1. Could you check how many residues of segment 124-160 are in contact with a strand residue (DSSP E or B) (Cβ under 9 Å, 6 or more places away or on another chain) and among the hydroxyl-bearing types (Ser, Thr, Tyr)?
2. Consider Pro33 carefully, then state whether it is under 40 Å from the mean Cα position of the chain (by Cα) and surrounded by fewer than 17 Cβ atoms within 10 Å (Cβ to Cβ).
3. Does Ser91 satisfy the criteria of being more than 35 Å from the chain's Cα centre (by Cα) and open to solvent by 60 Å² or more (accessible area, probe 1.4 Å)?
4. Among the residues of segment 68-86, count how many are open to solvent by 20 Å² or more (accessible area, probe 1.4 Å) and of a type outside the set (Ser, Thr, Tyr).
5. Would you check if there is a residue in segment 10-22 being in contact with a strand residue (DSSP E or B) (Cβ under 7 Å, 6 or more places away or on another chain), at negative phi and of a type outside the set (A, V, I, L, M, F, W, C)?
6. Does any residue in segment 53-72 that is more than 16 Å from Pro102 (Cβ to Cβ) come within less than 7 Å, Cβ to Cβ, of a residue that is of a type in the set (Val, Ile, Thr) and open to solvent by 30 Å² or more (accessible area, probe 1.4 Å) six or more places away or on a different chain, and which pairs are these?
7. Count, please, the residues in segment 87-126 that happen to be closer than 20 Å to Thr9 by Cβ, part of a helix (DSSP H, G or I) and free of Cβ contacts under 8 Å to residues at least 60 places away in the same chain.
Amino acid sequence: MAPKTSTATLRLKQDYLRLKNDPVPYVIAEPNPSNILEWYYVVSGPDDSPYAGGYYLGKLVFPKDFPFKPPSIYMITPNGRFQTNTRLCLSMSDYHPDTWNPAWSVSTVLTGLLSFMLENKKTWGSLDMTDDDRRQLATRSLESNIQDKNFCELFPELTMTIQKEIEKRNLAKAYEEQSSSMDGSQPENNVLHSVVYNCGIVVGFALFIYLVRYVLCNMNIERMKNYMRSLMTEDRLNELAVLHIHKEIPIDINNVINRFSRHMQRRMKTEDWSKN
């Protein structure tokens, strides 16, 4: 003969089907496969609250005589509103069996929990933290949940969603750090570019001056050659050569001019003749 199913088990199975057909906004729940009296729930932070973007794992422990007695309610994920792993004092928890209504279902308990979480009323097990602190905890809740064995086993789809969100955040963070690093090195690059640019200008200007001096020097030498040719005829140069060496031997006019030009180049280097 099969063992008799308890009233609590029958009622919880009915509540589970009702919860699947009519989900509670922002809350999902699953019973422990090995113990139907122990349920785990996940609250998704509403967008208009300081819990936005966060996922909060909690636990419901039902008594054997449920629905005639209320369950114990726990919060596992740090959230800034309730203490973790502590029985919470709520109107639909085992802290107030006198106010419990057997007609209340698991959906009713989860709805009341979410409503109380979004308020700031103080009770046993509540925390008084700022909204900024709760936002920071909402961001950290993702890493906290995927490290919880019960969370990953009972909520595999949500686990995958959270893992993708973590990867997305890590990529965004890495890109931001890379951008900051590039911006930080920009001033050094600007200084280096400025130094190289200035050095290029100085070298270019020096080359330009050298080229101008070289052109002017060649122009002056050529002008002297032409001037020498205009003043000295071949006969006159031969006469000068004879007077100099006491021999009546004609000399090459181009040789004389080239020698004179070299002499003038040496003079220009020592006296900077080209400027005068």
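The values are calculated or read from the model by the stated rules, or taken from the named source; none is laboratory data. This is a predicted model, so every value here is computed, not measured. Here the Cβ positions follow ideal geometry from the backbone for every residue, glycine too, while neighbour counts run over all protein chains shown. Calculation scope for accessible area: heavy atoms of the full protein, side chains included, ligands and nucleic acids excluded. Shrake-Rupley method; radii C 1.70, N 1.55, O 1.52, S 1.80 Å.
1. Residues in segment 124-160 being in contact with a strand residue (DSSP E or B) (Cβ under 9 Å, 6 or more places away or on another chain) and among the hydroxyl-bearing types (Ser, Thr, Tyr): 3 in total.
2. Values: under 40 Å from the mean Cα position of the chain (by Cα): no; surrounded by fewer than 17 Cβ atoms within 10 Å (Cβ to Cβ): yes.
Considered against the rule, which asks whether it is under 40 Å from the mean Cα position of the chain (by Cα) and surrounded by fewer than 17 Cβ atoms within 10 Å (Cβ to Cβ), Pro33 comes out as no.
3. Details: more than 35 Å from the chain's Cα centre (by Cα): yes; open to solvent by 60 Å² or more (accessible area, probe 1.4 Å): yes.
For Ser91, the condition - more than 35 Å from the chain's Cα centre (by Cα) and open to solvent by 60 Å² or more (accessible area, probe 1.4 Å) - is met.
4. First, pick out the residues of segment 68-86 that are open to solvent by 20 Å² or more (accessible area, probe 1.4 Å): 68-69, 74, 76, 78, 83-86.
Retained after the next criterion (residues that are of a type outside the set (Ser, Thr, Tyr)): 68-69, 76, 78, 83, 85.
So the answer is 6.
5. Filtering segment 10-22 for residues in contact with a strand residue (DSSP E or B) (Cβ under 7 Å, 6 or more places away or on another chain) gives 12, 16, 19.
Those still in the list that are at negative phi too: 12, 16, 19.
From what's left, of a type outside the set (A, V, I, L, M, F, W, C): 16.
Yes, the conditions are met somewhere in segment 10-22.
6. So the pair list comes out as Gly53/Thr139; Leu57/Ile76; Gly58/Ile76; Lys59/Ile76; Ser72/Val61.
7. Qualifying residue count, segment 87-126: 2.
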